[in-house]
Amino acid sequence: MKRLTVLLISIILILSGCSGSADSGQSSLMTPDFQPLNNIVEGRKNIYLIVKNLDSSYWNVMIEGAKDGGDDFGCNIYYSGTYSETEWEVHERLLDKAAEAGADAILLAPNDSVKLSGKIDEIYGKGIHIVLLDTIANTDSYDICYMTDNLMAGQQAAEEMITLLKKGGISDSESIQIGMQVGAVSSQTITERLAGFIQYWSRHAPETWEIIPDIKCNNGYLDEAVVCAEELLEYPDLRGVFGTNNTSTMGFAKVIKENGRKDIAVVGFDYSDEMAELINDDEYMASTILQRQYYMSYTGVETAMKLINGEKAPVKFSDTGVVAVNKDTIDQAEVQEALMHN
């Protein structure tokens, strides 16, 4: 219990400091225009999708799900987003733009769970349905949220890390270190994954296996994620790295591969070419927690249309589930089905 408390306090302090490193000039960034995602048909309902990162493979899958949902459920889909997960002011402006354009519903993946809550309250108060995707917000002003149970997913990531390290021959008495990096500290999604990882780790990892308190923050940029990974590789006892989101995981996988560090286990979130290389190479230790973001947006569109037509959401939160992808599971039917949309 003492170990868990110390770890959690350390992470709170580190994340508080990390949050101040984000670019303070984000409010001056241009707001990308909404673009049609499917064939626009006059007279159909209009649904607007706002994602966290337009340059991310993870979010591109979510965009694909919304497009297919629009085609299948007969509505117009428009989309936009930001180029970094720290640009919460851009999300504010996009919410206003969607409302001004006459959105019947908005699918939003909020890139700041706290700072966007006021704007979400305002838009929802105008009678516009809001379906949250991937990340919850600090408000009740939404209809339903489709996302991963991130606390449980973080615990599963820690279990994967311990399994990989033991398979790699690390003994319970050996002194090793685990490095971490996050994409954004303002997302409740990230803090829950960290908390879940630490909870499981504190109960199941040997006492000599330590988490490095220097948790890196890349602010959603891949080039910064690479730098963070390179800095952690300088720790001589580093034997495992954990990426809490797609960008962080890609950064770790890229650096581990380039440096040929087959002695370091990589555990992360989502599926990318970089992680696929490690998972499919028997000389590396790698596992990733695969989310179902395609179904978040596809089902989000379906639910938005039901809400527009007067139905009520059955629940406030819906867990879309995860699967662990590693060398042992990659050929399983459940994993292959999830990979079809990644």
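The values are calculated or read from the model by the stated rules, or taken from the named source; none is laboratory data. The structure displayed is predicted, hence computed values, not measured ones. Every residue, glycine among them, receives a Cβ derived from its backbone with ideal geometry; neighbour counts consider all protein chains shown.
Before moving on, here are some points about what is shown:
- Single unsatisfied condition, ALA286 versus (1) part of a loop (DSSP other than H, G, I, E, B); (2) more than 17 Å from the chain's Cα centre (by Cα); (3) crowded, with 18+ Cβ neighbours inside 10 Å: (1)
- Checking VAL90 against (1) farther than 30 Å from LEU238 by Cβ; (2) among the β-branched types (Val, Ile, Thr); (3) surrounded by 20 or more Cβ atoms within 10 Å (Cβ to Cβ); (4) touching a strand residue (DSSP E or B) at 6+ places or on another chain (Cβ under 7 Å), the condition it does not meet: (4)
- Scanning the range 207-266 for residues that are among the aromatic types (Phe, Trp, Tyr) and closer than 22 Å to ALA195 by Cβ, we see that the one that is surrounded by the fewest Cβ atoms within 10 Å (Cβ to Cβ) is TRP209.
- Residues of the range 313-342 that turn out to be of a type in the set (Ser, Thr, Tyr) and assigned to a strand (DSSP E or B), as a count: 1
- Sole exception among (1) in a helix (DSSP H, G or I); (2) within 28 Å of SER84 (Cβ to Cβ); (3) modelled with pLDDT of 95 or more; (4) touching a strand residue (DSSP E or B) at 6+ places or on another chain (Cβ under 8 Å) for GLN181, by number: (1)
- Residues that are under 22 Å from ASN53 (Cα atoms) and without any contact (Cβ under 8 Å) to a residue 60 or more places away in the chain, drawn from the range 121-134: ILE123, ILE130, LEU132
Rundown of residues vs (1) part of a helix (DSSP H, G or I); (2) of a type in the set (S, T, N, Q); (3) under 19 Å from THR303 (Cβ atoms); (4) outside the structural domain of LYS52 (by TED's automatic domain parsing), yes/no style:
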| residue | (1), (2), (3), (4) |
| --- | --- |
| ILE77 | no, no, yes, no |
| GLU89 | yes, no, no, no |
| LEU94 | yes, no, no, no |
| GLY102 | no, no, no, no |
| ASN111 | no, yes, no, no |
| LYS119 | yes, no, no, no |
| THR139 | no, yes, yes, no |
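- Flag for GLU85 being in a loop (DSSP other than H, G, I, E, B), farther than 22 Å from GLU302 by Cβ and within 23 Å of the chain's Cα centre (by Cα): yes
- Residues in the range 205-258 that are among the β-branched types (Val, Ile, Thr) and outside any helix (DSSP H, G or I) were compared, and the one that is nearest to TYR284 (Cα to Cα) is VAL241.
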